[in-house]
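So the structure is just underneath, and the comments pick up after that.
The values are calculated or read from the model by the stated rules, or taken from the named source; none is laboratory data. Just so it is clear, the model here is predicted, and its values are computed rather than measured. Counting neighbours? That spans all protein chains shown, and the Cβs are built from the backbone with ideal geometry, glycine included.
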Amino acid sequence: MEEKHNDLNERITQVLNEMKCELGERFDLETINLAELGRRTGITRAKLRRIKDNGFEDKPHGLIGRKAEVTVLTGFTGIIDNLLKSGVTNSSVCLDRLRENGYTGGLTAIKNYIAAHHDLVPAKRQIIAPQGNRGRRYRSAPGESYQMDWGFVEVEDENGNKYKVACFAMICHCCGKRYIEFFPNARQENLFIGMIHAFLYMGVPEYVLTDNMKSVVVKRDDEGRPVWQKDYELFMGNIGFNTKLCKPWHPFTKGAVERLVRFVKDNFLPGRIFHELTDLNYEANGWSNRQNAAYHRAVDCIPDDKHEQLCMKKATVLENTIELSYYLCPERIISFDGFVNYEGRRFGVPYWYTEKTCRVKRDGYILYIYDSQMTKILTSHDVTWSRKDSFCKDQYAATQPEEAPSSPVKVKIQQLAPPQYDSGFEKYNFEKEGLPNG
């Protein structure tokens with residue numbers, strides 16, 4: 001800053017000397033033409049008036065170096081600090097988190113804060129030199145191939161207990177349109193639900209590229225062909241798509257979905273706070289819609305536009321069928337006390353339903369229990385994600401059955417009337433016979 005003022009002073013001095021040589025004896029600093037001086041120096045007339053009052057010496061502003069006590073980031077620095085300590089240095093991610101908490105400022109203030117607090121960011125892992133032959137990326141036609149995978153994240157509840165939730169991710173390999181959904185675990189029934197929801201969102205492709213999941217493939221035969229898990233093979237036939245498997249221990253083959261899982265962990269999840277898994281999925285759906293409507297340099301397009309114009313001409317629209325309902329409503333065994341277990345919680349079933357199995361489906365905050373043939377709804381529950389059992393109406397009969405004697409009753413006993421005890425005020429009853437009067 002001092003060097004800048006010195007340069008400005010030298011320029012003013014040089015112009016004043018030139019004007020003194022031109023005017024000669026008529027030159028006077030008190031009556032100098034500030035308009036002409038401003039034209040030659042490029043300084044505004046208002047600033048020249050201030051410099052003239054200081055003897056034509058540009059001095060630093062009196063407020064230089066002072067910092068405002070209250071800024072646009074006041075009250076939000078704790079959120080940014082937590083994100084930086086988590087390794088999040090993306091200013092756009094920080095801006096989204098702050099706006100969710102009421103921030104009204106812009107991006108520049110956040111960038112300046114991040115640049116000044118890089119000491120909070122943990123050190124990155126050391127990157128090793130790549131090994132082996134250089135790979136080659138492949139391309140697929142529009143609507144030809146989707147990639148899918150699971151990602152896992154650790155959640156800490158209000159009591160400090162930690163557990164894992166699974167994130168199902170699917171992406172179109174051609175245009176980059178993506179879909180994510182969170183589940184309590186990565187079981188096969190949740191894989192089917194996630195795939196159906198993704199197909200309803202993006203259409204059904206020719207084939208899906210995935211790794212060697214236990215819920216997809218059992219093994220490979222002597223010729224290297226996959227032996228599909230029987231339920232997954234039936235699922236492929238009902239939906240109408242094929243599956244291609246990646247080479248074991250070679251994640252680059254499905255690099256698009258691997259990058260999507262990492263992008264979810266770096267962009268969507270950091271600093272995320274939620275009350276229920278349903279809330280998290282609503283936020284994930286909104287995040288997916290925003291990402292699909294934005295330009296992505298990796299695919300050089302807006303995924304929504306390209307997918308609608310090109311990919312959907314090859315992909316097929318998934319229609320709701322009875323087979324689809326069976327996958328969306330997994331089967332459950334009813335326990336002896338009238339409960340079914342779903343997503344780690346127990347929900348009651350009416351006593352008048354006498355079959356041993358039923359089907360369960362969670363739609364938002366409501367859980368529906370159907371009969372085994374999907375012909376009617378038995379009951380519904382509000383999903384509160386509490387660990388307590390959720391009872392339903394008519395879960396138990398109003399009159400319970402009573403056991404009768406199986407043989408004649410021969411044992412007899414006698415019951416007397418309960419004895420009568422005098423109250424504590426009886427001693428003050430002077431009219432009672434035998435007590436002294438007065």
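Search the stretch 207-246 for residues being part of a loop (DSSP other than H, G, I, E, B) and touching a helix residue (DSSP H, G or I) at 6+ places or on another chain (Cβ under 6 Å), and hand back the single one that is nearest to Arg187 (Cα to Cα).
We begin by selecting, within the stretch 207-246, every residue part of a loop (DSSP other than H, G, I, E, B); these are 211-216, 221-225, 229, 240-241, 246.
If we keep only those that are touching a helix residue (DSSP H, G or I) at 6+ places or on another chain (Cβ under 6 Å) as well, we get 215-216, 246.
Numbers: Ser215: 8, Val216: 11, Cys246: 20 Å.
Going through the qualifying residues, I end up with Ser215.
Of (1) part of a loop (DSSP other than H, G, I, E, B); (2) within 29 Å of Arg362 (Cα to Cα); (3) not hydroxyl-bearing (Ser, Thr, Tyr), Arg262 satisfies all except one. Which?
(1)
Mind listing whichever residues of the stretch 173-222 are surrounded by fewer than 16 Cβ atoms within 10 Å (Cβ to Cβ) and touching a Phe, Trp or Tyr at 6+ places or on another chain (Cβ under 9 Å)?
Tyr207, Val218
Looking at this structure, is Tyr327 in a helix (DSSP H, G or I) and farther than 18 Å from Cys175 by Cβ? Break it down into steps so the answer makes sense when it comes.
Working: in a helix (DSSP H, G or I): yes; farther than 18 Å from Cys175 by Cβ: yes.
The answer is yes for Tyr327.
Can you tell me which residue among Gly87, Gly55, Gly78 is surrounded by 12 or more Cβ atoms within 10 Å (Cβ to Cβ) and either assigned to a helix (DSSP H, G or I) or of a type outside the set (Lys, Arg) (or both)? Reasoning before the result, please.
Numbers: Gly55 fails: surrounded by 12 or more Cβ atoms within 10 Å (Cβ to Cβ); Gly78 fails: surrounded by 12 or more Cβ atoms within 10 Å (Cβ to Cβ).
Of Gly87, Gly55, Gly78, the one residue that is surrounded by 12 or more Cβ atoms within 10 Å (Cβ to Cβ) and either assigned to a helix (DSSP H, G or I) or of a type outside the set (Lys, Arg) (or both) is Gly87.
Results for (1) of a type in the set (D, E, K, R); (2) assigned by TED's automatic domain parsing to the domain that holds Ala169; (3) at pLDDT 95 or above; (4) under 26 Å from the mean Cα position of the chain (by Cα), shown as yes or no for each residue.
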residue: Asp231; (1), (2), (3), (4): yes, yes, no, no
residue: Met236; (1), (2), (3), (4): no, yes, no, no
residue: Cys246; (1), (2), (3), (4): no, yes, no, no
residue: Ala256; (1), (2), (3), (4): no, yes, no, yes
residue: Phe268; (1), (2), (3), (4): no, yes, no, yes
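Could you list all residues from the stretch 330-349 that are without any contact (Cβ under 8 Å) to a residue 24 or more places away in the chain and part of a loop (DSSP other than H, G, I, E, B)?
Keep residues of the stretch 330-349 that are without any contact (Cβ under 8 Å) to a residue 24 or more places away in the chain, which gives 335-337, 341.
Within the stretch 330-349, Ser335, Phe336, Asp337 qualify.
Give the stretch 173-195 a look and list any residue that's within 14 Å of Met148 (Cα to Cα) and over 20 Å from the mean Cα position of the chain (by Cα), or say none.
Here is the first cut: in the stretch 173-195, the residues within 14 Å of Met148 (Cα to Cα) are 173-174, 176-182, 186, 188, 190-195.
His173, Cys174, Gln188, Phe192 - these are the residues of the stretch 173-195 that are within 14 Å of Met148 (Cα to Cα) and over 20 Å from the mean Cα position of the chain (by Cα).
Among the residues of the stretch 255-264, are any out of contact with any Cys (no Cβ under 8 Å at 6 or more places or on another chain) and farther than 18 Å from Tyr138 by Cβ? Please lay out each step first, then the result.
Step one: filter the stretch 255-264 for residues out of contact with any Cys (no Cβ under 8 Å at 6 or more places or on another chain), giving 255-260, 262-263.
Of the ones still in play, those that are also farther than 18 Å from Tyr138 by Cβ are 262-263.
Checked the stretch 255-264: at least one residue is out of contact with any Cys (no Cβ under 8 Å at 6 or more places or on another chain) and farther than 18 Å from Tyr138 by Cβ.
Suppose we filter Thr384, Thr399 for residues that are modelled with pLDDT under 90, surrounded by 10 or more Cβ atoms within 10 Å (Cβ to Cβ), in a loop (DSSP other than H, G, I, E, B) and in the same structural domain as Asn341 (by TED's automatic domain parsing); which single one remains? Working first, answer last.
Values: Thr399 fails: surrounded by 10 or more Cβ atoms within 10 Å (Cβ to Cβ).
Only one candidate passes the filter, namely Thr384.
Among the residues of the stretch 102-116, what is the count of those that are surrounded by 10 or more Cβ atoms within 10 Å (Cβ to Cβ) and not in a helix (DSSP H, G or I)?
3
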